[in-house]
Amino acid sequence: YGKEGKMYDDVNFEQNIKGAIDAGVNVGIYYFSQAITVAEAREEAQYVLDKISRYDISYPVVFDWERIGGSDARTYGLETDQLCRIADTFCSMVEDAGYKAMIYFNSYCGYIKYDLSKLNQYDFWFARYNSVPGFYYDFQMWQYSDKGSVDGISGNVDLDISFVDYAAQ
């Protein structure tokens, strides 16, 4: 992300997805968006679909838009209706391609930036680092910590619970 709105490869994507699939892990895709127009959302969705086309994706393809930086960020001031159109564009392209789409957000984005009633045809992944999640809308996944540890990974990792077995669907 940045003022230019350029998309960048995750330098570890290929290694991570191949390693997870080889280890028998069901995988999903998480895309950090900084789109500010529907056209950019289409570009981002196509970018993701091109990247994942040769992999067995068994969990959702997730749209994660977050407010990053201050008033000089390119996403600053994005209106709710526009953000909902952006998220819907990304997610509808994902679903049209045969994948399950999901929207990731924290309390601030869920209550202030989005109007989730316009997006509830998609599954939600709620991030709140607490012992009990509390949120008005139903959500299918919960990110409850960013202080986890996993053998083979150095540093802290996010910890999540899926209330849906997407791989079985």
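The values are calculated or read from the model by the stated rules, or taken from the named source; none is laboratory data. Model, not experiment: these values are computed from the prediction. Heads up, the Cβs are rebuilt from the backbone with ideal geometry, glycines too, and the neighbour counts pull from every protein chain shown. The area values use the complete protein model at the heavy-atom level, side chains included, leaving out ligands, DNA and RNA. Shrake-Rupley method; radii C 1.70, N 1.55, O 1.52, S 1.80 Å.
Would you work out which of 73, 36, 15 lies farthest towards the positive end of the dipole of the range 1-120? Charges go on Cβ: Lys and Arg +1, Asp and Glu -1.
The residue sitting most towards the positive pole is 73.
Can you give the Rg to Rh ratio for the range 63-152, taking only C-alpha atoms and Rh from Kirkwood? List each step's numbers first, then the result.
Details: Rg = 14.2 Å, Rh = 14.3 Å.
Over the Cα atoms of the range 63-152, Rg/Rh equals 0.99.
Tell me, what is the per residue accessible area of the range 1-124 in Å², probe radius 1.4 Å?
Values: 6420 Å² over 124 residues.
Computed with neighbouring chains in place, this is 52 Å² per residue.
How large, in percent, is the carbon and sulfur part of the accessible surface of the chain at a probe radius of 1.4 Å?
Details: 4420 of 9420 Å².
Carbon-and-sulfur percentage of accessible area, whole number: 47.
Provide the packing ranking of 113-124, 33-44, i.e. peptides ordered by the mean count of other C-beta atoms within 10 Å per residue, highest first.
Working: 113-124: 17.0, 33-44: 19.2.
Result, highest mean Cβ count within 10 Å first: 33-44, 113-124.
Compute the Cα gyration tensor for the chain, then decide on rounded, prolate or oblate, letting a ≥ b ≥ c be the square roots of its eigenvalues: rounded whenever a/c is under 1.5, prolate when a/b is larger than b/c in the other cases, and oblate in all that remain. Let's see the in-between values first.
Details: a/c = 1.36, a/b = 1.19, b/c = 1.14.
It comes out rounded by the Cα gyration axes.
Sequence gap of 8 or more, or different chains, plus Cα separation below 21 Å: how many lysine pairs satisfy both in the chain? Walk me through the intermediate numbers first.
Details: 3/113; 6/51; 18/51; 18/100; 51/100; 100/118.
Step by step, the pairs that qualify in the chain add up to 6.
How much of the DSSP bridge set in the range 1-158 is antiparallel, in percent, rounded to the nearest 5?
Numbers: 2 of 19 bridges.
DSSP beta bridges in the range 1-158 are roughly 10 percent antiparallel.
Sequence-distant or interchain residues sharing an amide H contact under 5 Å with residue 57, placed H: which?
none
Which whole-Hz ³J(HN,Hα) couplings does the range 144-152 yield from phi under the Karplus relation 6.51 cos²θ - 1.76 cosθ + 1.60, θ = phi - 60°, glycine and proline marked x?
9, 7, 10, 10, x, 9, 9, 3, x
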